[in-house]
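K.L.:
Dumping the structure here so I can ask a few things about it.
Rule-based calculations on the coordinates, nothing more; no lab input. Computed from a prediction, not measured in an experiment: that's the story for all the values here. Ideal geometry is used to build each Cβ from the backbone, glycine not excepted, and the neighbour counts take in all protein chains shown.
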Amino acid sequence: PTMTENTPTLDAPQVRKVGEKYEIVVDGDGTVAGYTLAIDYEGTDGVAQRIFPHTKMAEEYGGRGLASVLVREALKDSVAAGFRIVPVCPYVKQWTQKHDDVAGDVDQARPEHLQFLEEHARRRSEG
């Protein structure tokens, strides 16, 4: 059975990809408790990478381990889709150091990643 068949709850939240972010949903009404941004990037060497610049959880859902579930699902989904992980967000970076779910698939953020993110954010705000 896929994750989407059950109604999400706080104990069994659902993670879904919506555009350039993964959201974690905690009830049948579709309440989003937090998200992590996931920006696709193709390096000069043609390697598909997914940059994770920012994770945000709603304060009322803090301390429940939801951020960890969100990041784990987002990273595993990205690796399954053929991306290498580039953690820029401090939480994601810390998570990849503590857990080995995606251990062989993490690349350090380099200046070109950060520059790409800046340009990307600028394009989005102008759009």
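K.L.:
I need every pair where a residue in region 99-127 that is free of Cβ contacts under 8 Å to residues at least 12 places away in the same chain and over 22 Å from Arg72 (Cβ atoms) has its Cβ under 9 Å from the Cβ of a residue that is of a type in the set (D, E, K, R) and assigned to a helix (DSSP H, G or I), sequence separation at least 6 or different chains.
P.N.:
none
K.L.:
In region 21-37, what residues are in contact with a Phe, Trp or Tyr (Cβ under 6 Å, 6 or more places away or on another chain) and of a type outside the set (S, T, N, Q)?
P.N.:
Scanning region 21-37 gives Lys21, Glu23, Ala33.
K.L.:
Scan Arg64, Arg50 and give me the residue that is in contact with a Leu (Cβ under 7 Å, 6 or more places away or on another chain) and charged (D, E, K, R).
P.N.:
None of the others qualify; the one that does is Arg64.
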